[in-house]
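Read through the structure below, which is laid out as structure tokens, and then see the notes.
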Amino acid sequence: MAQTVFITGTSTGIGAAAVRLFAAHGWQVAATMRNPADAKFSNLPGVRVYALDVTDAASVQRAVAQAQREFGRLDVLLNNAGYGLVGPFETATPAQIQQQFATNVFGVFAVTQAVLPAMRAQKSGVIINITSVGGRTAFPMNSLYHATKFGLDGFSESLWYELAPFGIQVKVVAPGGVATDFAGRSLHLTADPNGEANPYAGQMRAVLDAFSSRGGAASQPEHIAEIIYQAATDGKNQLRYIAGDDAERLLGAKAHMTESDFMQMIQQNFLGNNG
């Protein structure tokens, strides 16, 4: 019997690449997104597309129940949906803060709770949460995004212990830069980087320029999907999978530098004279 993976945030980027890779390996794939009309792979064998907004509890329950009914079981959950909120914390609105956590954290909680009863009953399953290198270290002007990813990393580590007695593995895949539209459609700003009334404008422009200049080091979504597939199928009790050469280099440097030296390096690389 073919195994089934349930994936959130599949309209583009890592999610879409993961759908194609799992399908190519003969898996049944429940591909979810807010607007199924955006799906570009609905004709792939074994793939079914479901409407799912991770910030809507009823939508989550409906999609999970439908996928379980049509596929019979869910072997892997890939919590991929998310976006980045960049800019000064001071200028973030309550609505922006709420939406960032609703999508990146509370959405993961909701989908995970929805699939757990079935995984626990079948005494098996793998839950993979997409965090980020930004769940292990921080960059300027990303405080709220980092708060969600650091939180998700800690949540996953604790859940690893909690679910092990039921035969359920918890994994974290932490990509570095990814060549997706994350910096476009999936990037939201808390302030105008060119606004004359924005006291953080210089810092914002420096950080955005720094991220843009590092685009050449970004991994392709297909590479991250390969690591996700490895995490789903290797059977190891390994919690964290660092994805991308840039992420490995950065976290390697952090492990071998003093905290002060590392933070000064980040400050210089991202802010330069604006730090």
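Helix 143-163 versus the longest principal axis of the chain: what is the Cα-based angle in degrees, 0 to 90, to the nearest 10?
30
With unit charges on the beta carbons (Lys and Arg positive, Asp and Glu negative) and the dipole taken about the Cα centre of the range 162-275, which residue among 166, 243, 191 sits farthest to the positive side?
166
What distance in nm separates the simple spin-label points at residue 166 and residue 70, each placed 7 Å from Cα in the Cβ direction?
Label at residue 166, label at residue 70, 2.5 nm between them.
Using packing as a proxy for protection, rank 63-72, 36-45 so that the peptide with the highest average count of other Cβ atoms within 10 Å comes first. Intermediate values should be presented prior to the final figure.
Working: 63-72: 17.1, 36-45: 13.0.
Ranked from most to least packed, the peptides come out as 63-72, 36-45.
State, to one decimal in nm, how far the label point of residue 1 lies from the label point of residue 205, with both points 7 Å from Cα in the Cβ direction.
Each label point is offset 7 Å from its Cα along the Cβ direction, giving 6.0 nm.
Looking at 130, 263, 95, which one has the Cα that reaches farthest to the positive end of the dipole of the chain (charges on Cβ: Lys, Arg +1; Asp, Glu -1)?
In the chain, that residue is 130.
Can you give me the P(r) profile for the chain? Cα pairs, bins 10 angstrom wide beginning at 0, each as a whole percent.
7, 29, 35, 20, 8, 1, 0
What is the chain's relative contact order, in percent, from Cα pairs under 8 angstrom and six or more apart in sequence?
The value is 19 percent.
Which length gain, in nm to one decimal place, applies between residue 214 and residue 245 when the Cα-Cα distance is subtracted from 0.36 nm times their residue separation?
Computed gain between residue 214 and residue 245 is 9.9 nm.
So what is the 222 nm mean residue ellipticity for the chain from helices alone, if each DSSP H run of at least 4 adds -39500 (n - 2.57) and you divide by all residues, rounding to the nearest 500 deg cm²/dmol?
-14500 deg cm²/dmol
Placing +1 on the Cβ of each Lys and Arg and -1 on the Cβ of each Asp and Glu in the range 4-274, which of 211, 71, 57 has its Cα farthest towards the positive end of the resulting dipole?
After comparing all options, I get 71.
When only alpha-carbon atoms are used, what values of Rg and Dmax, in angstrom, describe the range 127-225?
In order Rg, Dmax, the Cα atoms of the range 127-225 give 16.4, 56 Å.
Can you pick out the pairs among 123/254; 149/254; 40/236; 40/123 whose Cα atoms lie more than 27 Å from each other?
In this structure, 123/254; 40/236; 40/123 lie more than 27 Å apart at Cα.
By what distance, in whole Å, do the Cα atoms of the range 6-90 stretch along each of the three principal axes, largest value first?
47, 27, 24
Label 7 Å along Cα→Cβ of residue 90; the range 191-225 residues with amide nitrogen under 11 Å?
Backbone N within reach: 198-201.
With each label point set 7 Å from Cα along the Cα-Cβ vector, what nm distance links residue 122 and residue 187?
3.9
Under a point-charge model restricted to the Cβ atoms of Lys and Arg (+1) and Asp and Glu (-1), what is the dipole moment magnitude of the range 107-258 relative to its Cα centre, in debye to the nearest 20?
It works out to roughly 380 debye.
About its Cα centre, what dipole magnitude does the chain give when the only charges are +1 on Lys and Arg Cβ and -1 on Asp and Glu Cβ, stated in debye to the nearest 20?
Its charge dipole is roughly 760 debye.
Bear in mind that the values in this text are calculations on the coordinates, not laboratory data. The structure presented is a predicted model; accordingly, all values stated were derived computationally and were not measured. Neighbour counts run over all protein chains shown; Cβ positions are idealised from the backbone, glycine included.
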